[in-house]
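The values are calculated or read from the model by the stated rules, or taken from the named source; none is laboratory data. Computed from a predicted structure; not experimentally measured. Cβ atoms come from the backbone with ideal geometry, glycine included; neighbour counts cover every protein chain shown. Each accessible area value is taken on the protein alone, full model and side chains, heavy atoms only, with ligands, DNA and RNA left out. Shrake-Rupley method; radii C 1.70, N 1.55, O 1.52, S 1.80 Å.
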Amino acid sequence: MPEVHSFGIEPISCHAWNKDRSQLAISPNNHEVHIYTQNGGRWDKSHVLSEHAQHVTGIDWAPESNRIVTCGVDRNAYVWTLIDGKWKPTLVILRINRAATCVRWSPLGNKFAVGSGARILSVCYFEGEYDWWVSKHIKKPIRSTVSSIDWHPNNVLLACGSSDFKARVFSGYVKEVDDKPAATAWGKKMTMGNLMAEFSNGGGGWVHSVSFSASGDKLSWVGHDSSVSVVNANNQEKIATVKCAFLPFTSCLWVTENSLVVAGHDCCPMLFTHDDSDTLTFIHKLDVAKEKEGGSMSAMKRFQTLDKRATTDDSSSDLNTQHQNTVTNISIHTGTKERCSKFTTSGTDGKVIIWDFKSLESSIAGLKVA
Amino acid sequence: MSKNTGANRFRKVDVDQFNEDNFQDELIEDGQDLGPNEGEVASLLNQNKHIDALKAALSNPPVATKNQAVKDQAAQLVLRVLLAFKSSDVEKGVNSLDSTTLDILMKYIYRGFETPSEGSSAQLLTWHEKVFAKGGLGSIVRVLTDRKSV
């Protein structure tokens with residue numbers, strides 16, 4: 001059974017776990033970030049981070065350095081460090097003139113990237129000499145808002161999904177903090193801001209989310225035309241796309257080298273497989289509703305509904321999925337992108353749900369994560 | 001208050017083209033999309049081969065061209081074919097199409113709704129119901145998001 005945690009009625013804009021998953025940082029659709037700590041079965045609100053002047057759009061928690069980076073509509077990003085039990089913010093001057101939309105620490109935690117509505121991708125690193133964070137811009141050829149970003153495991157390459165209907169791979173190489181990276185399947189030349197690859201989301205439709213697989217060789221993205229696409233760096237000509245009959249997805253995440261979990265406006269995470277012959281297939285919805293027993297209504301209930309709703313129908317307005325509204329974020333809970341055993345979804349219904357593959361595989365007949 | 005000079009030509013200026021941040025679609029303008037072959041479709045209809053006529057009418061959709069006349073012609077042709085079907089045959093017609101063609105058909109259905117004529121909307125609604133049953137919400141979302149419209 002998936003673990004459902006409810007954090008009120010406000011939508012959760014974004015969430016991030018700390019390294020041992022004992023703490024969860026969420027933003028309840030406002031200027032603040034709330035950090036909840038596990039206490040027995042309960043979540044206690046242990047810290048409130050309020051420095052942003054407008055809505056927080058992205059949170060990421062670096063596992064090793066334990067630093068939190070947040071970005072918001074106020075065009076700022078803050079790096080938070082835990083000092084004496086309190087989180088202290090450090091402002092990062094991004095030099096953007098529109099809202100920041102998403103933020104991600106690099107795999108080594110020494111840089112982070114911020115996407116924004118200013119059509120700019122900012123890669124920020126810590127300049128020890130001046131004791132502050134410096135941001136470098138990647139502008140060309142991004143033509144519209146950057147909606148989502150994901151780092152390649154080599155700490156240099158950056159995937160970027162944007163509302164100009166394209167998914168791109170850039171080099172986020174910063175000579176001050178990075179060693180010269182070895183060539184990858186995406187190319188050899190990795191100067192800062194170099195466009196390594198650009199993919200169009202065929203039928204139009206904003207790219208909502210991008211994700212590199214564990215090896216970094218595969219890139220997946222989901223578009224607003226209800227499509228899921230995967231491209232393998234070793235075979236960049238062939239983009240495997242599935243145009244689904246579902247509502248568009250808003251986020252995607254690799255859970256093994258061949259399996260992808262996506263979720264979105266259908267409020268339900270779904271599993272896709274991308275095999276060695278570069279074919280993408282839909283496997284199954286991961287939220288199988290328990291069949292509601294058609295219980296008999298008591299006479300009193302029957303007349304009450306007749307009075308209130310002019311019908312004796314027992315239908316409630318609840319969705320039969322765990323999430324009652326759009327899922328906006330998916331993150332790894334236990335494991336890695338190579339072999340994930342639990343993942344978390346959060347959405348506009350104020351819930352954070354942890355899904356366990358072991359119990360999913362046993363409850364859904366024939367489900368096997370590739 | 002200032003005099004109302006009656007001058008309002010300035011209202012017709014497209015300010016977006018002067019904005020340097022303006023997003024230009026990268027469509028291959030004026031592509032060689034000729035639209036479906038009218039003669040072929042007409043002859044298939046005459047021979048009562050409705051399903052083949054449907055397939056022929058949905059081939060070569062004029063999505064890349066800016067020529068409005070070609071688009072209108074194609075839309076009229078597809079509408080003719082759709083109205084020629086009997087309501088009971090609609091489902092068979094829908095099942096004979098693959099998913100890409102189904103998306104194209106959904107685009108034409110919505111195009112058909114835009115210019116209703118006598119009895120056309122009712123038949124189009126029947127088509128819509130059957131295409132929706134097969135294509136799902138995704139097919140409707142693709143009509144709304146696709147930059148290349150019919």
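In segment A:254-288, the qualifying residues are those that are buried (at least 17 other Cβ atoms within 10 Å of the Cβ) and of a type in the set (Phe, Trp, Tyr), and the one that is nearest to A:ASP356 (Cα to Cα) is A:TRP254.
Each residue in segment B:71-107 was checked for being in a helix (DSSP H, G or I), open to solvent by less than 30 Å² (accessible area, probe 1.4 Å) and more than 23 Å from A:THR241 (Cα to Cα), and 10 pass.
Look at (1) under 21 Å from A:GLN236 (Cα atoms); (2) modelled with pLDDT of 95 or more and you find that A:PRO141 fails only one, number (2). Which one of the conditions (1) part of a helix (DSSP H, G or I); (2) within 14 Å of another protein chain (Cβ to nearest Cβ) does B:TYR110 fail to meet, given that it meets all the rest? So B:TYR110 meets the others, but not (2). Can you find a residue that is open to solvent by 50 Å² or more (accessible area, probe 1.4 Å), assigned to a helix (DSSP H, G or I), modelled with pLDDT of 85 or more and not hydrophobic (A, V, I, L, M, F, W, C) anywhere in segment B:14-33? No, because not a single residue in segment B:14-33 is open to solvent by 50 Å² or more (accessible area, probe 1.4 Å), assigned to a helix (DSSP H, G or I), modelled with pLDDT of 85 or more and not hydrophobic (A, V, I, L, M, F, W, C).
Summed over segment A:124-139, residues that are open to solvent by 50 Å² or more (accessible area, probe 1.4 Å) and not acidic (Asp, Glu) total 7.
Contact annotation: no residue pair with Cβ atoms under 7 Å, 6 or more positions apart or on different chains, pairs a residue in segment B:4-21 that is within 14 Å of chain A (Cβ to nearest Cβ) with a partner that is open to solvent by 100 Å² or more (accessible area, probe 1.4 Å) and of a type in the set (Val, Ile, Thr). Screening A:ARG143 with (1) within 14 Å of chain B (Cβ to nearest Cβ); (2) open to solvent by 10 Å² or more (accessible area, probe 1.4 Å); (3) within 27 Å of A:ASN258 (Cβ to Cβ); (4) among the charged types (D, E, K, R) gives one miss only, at (3).
Among the strands (runs of 3 or more DSSP E) confined wholly to segment A:1-78, which include 3 or more residues that are more than 17 Å from the chain's Cα centre (by Cα)? Outline the logic, then answer.
Values: elements: A:3-6, A:14-17, A:23-27, A:33-39, A:42-49, A:56-61, A:68-72.
Ranges flagged: A:3-6, A:33-39, A:42-49.
For segment A:228-282, filtered to residues that are in contact with a helix residue (DSSP H, G or I) (Cβ under 8 Å, 6 or more places away or on another chain) and of a type outside the set (D, E, K, R), the residue that is nearest to the other protein chains (Cβ to nearest Cβ) is A:ALA245. Under the condition of being open to solvent by 30 Å² or more (accessible area, probe 1.4 Å), within 13 Å of chain A (Cβ to nearest Cβ) and among the β-branched types (Val, Ile, Thr), the residues counted in segment B:114-140 number 1.
Name the residue that is modelled with the lowest pLDDT, counting only residues in segment A:342-369 that are open to solvent by 40 Å² or more (accessible area, probe 1.4 Å) and in contact with a Lys or Arg (Cβ under 7 Å, 6 or more places away or on another chain). Taking the candidates together, the pick is A:GLU361.
If you go through segment B:141-149 one residue at a time, do you hit one that is under 11 Å from the mean Cα position of the chain (by Cα), within 14 Å of chain A (Cβ to nearest Cβ) and either more than 25 Å from A:HIS208 (Cα to Cα) or open to solvent by 50 Å² or more (accessible area, probe 1.4 Å) (or both)? Checked segment B:141-149: at least one residue is under 11 Å from the mean Cα position of the chain (by Cα), within 14 Å of chain A (Cβ to nearest Cβ) and either more than 25 Å from A:HIS208 (Cα to Cα) or open to solvent by 50 Å² or more (accessible area, probe 1.4 Å) (or both). Looking only at segment B:46-70, which residues are more than 14 Å from B:PHE85 (Cα to Cα) and part of a helix (DSSP H, G or I)? If the condition is that a residue be more than 14 Å from B:PHE85 (Cα to Cα) and part of a helix (DSSP H, G or I), then B:ALA56, B:LEU58, B:GLN68, B:ALA69, B:VAL70 are the ones that fit.
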